[in-house]
Amino acid sequence: MSRYYNQVRDEYKRTVVKAPAEVLSAPSVPDVIPEAEQVRSESKAEPFLQCEKVRIAAGSQRPLILGDTATFCRAEDSYRVLRTRLLRLMTSRGLRSVVISSPVPGEGKTLTSINLGLTFAKLQDRKVLLVDADLRTRGLSQLFEPHSFPGLNEILQGEATFESTVLASDVPNLWVVTAGQNLGGSPEAFAGERWKEFMTWVSKSFEVVLVDAPPILPMADFELITAGCDSTMMVVRALKTSRELLGNAVKHVDPKKFLGIVFNGSGPQNGHGYYGYGTYDSNALP
């Protein structure tokens with residue numbers, strides 16, 4: 001698996017974002033990024049301070065870095081390293097939006113999306129938006145309570161304004177647009193201009209926009225979603241994703257937008273699975 005991962009990396013000649021499990025031994029990265037790496041917002045997100053409020057759900061689906069164990073500390077450092085590498089890529093290329101997906105369900109893309117969002121939100125003066133674009137499973141939306149607000153589905157159907165779907169979380173600097181309530185949305189909805197208009201609008205109001213997308217295989221949504229976004233990052237589950245699946249998924253990724261791979265749960269440092277399904281009850285997450 002690791003050999004094939006290296007082949008994919010070399011093929012694209014891109015900076016591969018290491019998995020949290022692979023950088024657990026890295027030194028702690030501060031929550032203050034040098035000024036040269038700051039991306040200044042063209043328009044501030046203050047209007048969203050008065051919007052509807054949601055909170056991160058308690059229980060087994062609580063994001064990994066909100067824990068209170070030694071695992072939490074190691075995971076937080078790992079996500080800081082991941083955040084720093086991703087931020088440098090975004091800054092150097094003038095990117096605002098990142099689509100986070102995986103070859104198939106169950107590889108940790110939603111877990112990665114929310115933990116990365118929480119880590120970005122710790123930076124000073126940086127407004128972060130999470131968008132649940134997986135309209136089938138609504139995995140990201142289920143991590144927030146209450147989640148009975150109009151969201152992306154209503155936007156794509158023309159039933160809600162952009163402003164009305166942005167929700168303030170109980171974490172400073174972190175906002176979310178849920179998948180919404182209406183059922184029956186089709187993948188073709190992302191092919192319309194409304195999706196691109198929405199992404200243009202949020203990119204002017206938030207410095208970082210993380211889009212939790214459906215799995216690449218066998219869904220039709222992924223390529224339509226990435227067409228409206230700046231970049232793509234893929235989450236691959238160690239010892240789960242086969243060569244064939246990874247190879248097929250890579251074919252659907254635009255190499256001009258591809259930032260790299262998060263190699264999730266890639267191996268314990270001392271016999272314990274610090275990151276991944278072994279220590280976090282995320283089996284319900286896509």
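R0 = 22 Å: FRET efficiency of residue 51 with residue 125, Cβ-based, nearest 0.05?
Numbers: r = 19 Å, r/R0 = 0.86.
With R0 = 22 Å, the Cβ-Cβ based efficiency is 0.70.
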Residues of segment 102-119 with the amide nitrogen closer than 17 Å to a label point 7 Å from the Cα of residue 84, along Cα-to-Cβ, please.
116, 119
Based on the Cα atoms of segment 51-198, what semi-axes does the equivalent ellipsoid have, where each is the square root of 5 times one gyration tensor eigenvalue, given in whole Å with the largest first?
25, 18, 15
Nearest-0.05 FRET efficiency for residue 204 and residue 252 at R0 = 35 Å, using Cβ-Cβ distance, is 0.80
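Sort the following peptides by mean Cβ neighbour count (other Cβ atoms within 10 Å, averaged over residues), highest first: 248-257, 201-210.
Details: 248-257: 14.5, 201-210: 21.4.
Ranked from most to least packed, the peptides come out as 201-210, 248-257.
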Note to self: C-alpha centroids of segment 219-264 and segment 83-148 sit apart, in Å, by 15
Using θ = phi - 60° and the Karplus relation 6.51 cos²θ - 1.76 cosθ + 1.60, list the HN-Hα couplings for segment 158-169 in order, rounded to whole Hz, with x at every Gly or Pro.
x, 9, 8, 7, 4, 4, 6, 9, 7, 10, 8, 7
Mind giving me the nanometre distance, one decimal, between the label points for residue 145 and residue 242, set 7 Å out from Cα along Cα→Cβ?
4.0
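Tell me, rounded to the nearest percent, the portion of alpha carbon pairs in segment 178-269 spaced more than 22 Å apart. All intermediate terms of the calculation are to be shown ahead of the outcome.
Numbers: 1504 of 4186 pairs.
Summing the P(r) tail past 22 Å for segment 178-269 gives 36 percent.
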Would you mind checking the pairs 127/204; 109/251; 109/204 and listing those with alpha carbons more than 22 angstrom apart?
109/204
One finds, for residue 62 and residue 193 with R0 = 25 angstrom and r their Cβ-Cβ distance, a FRET efficiency to the nearest 0.05 of 0.10
Please compute P(r) over all alpha-carbon pairs of segment 134-183, binned at 10 Å starting from zero, and give each bin as a whole-number percent.
29, 56, 15, 0
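We did not get these values from a lab; they are worked out from the coordinates using the rules stated. Computed from a predicted model, the values in this text were never measured in an experiment. Using ideal geometry, Cβ is built from the backbone for each residue, glycine included, and neighbour counts are taken over all protein chains shown.
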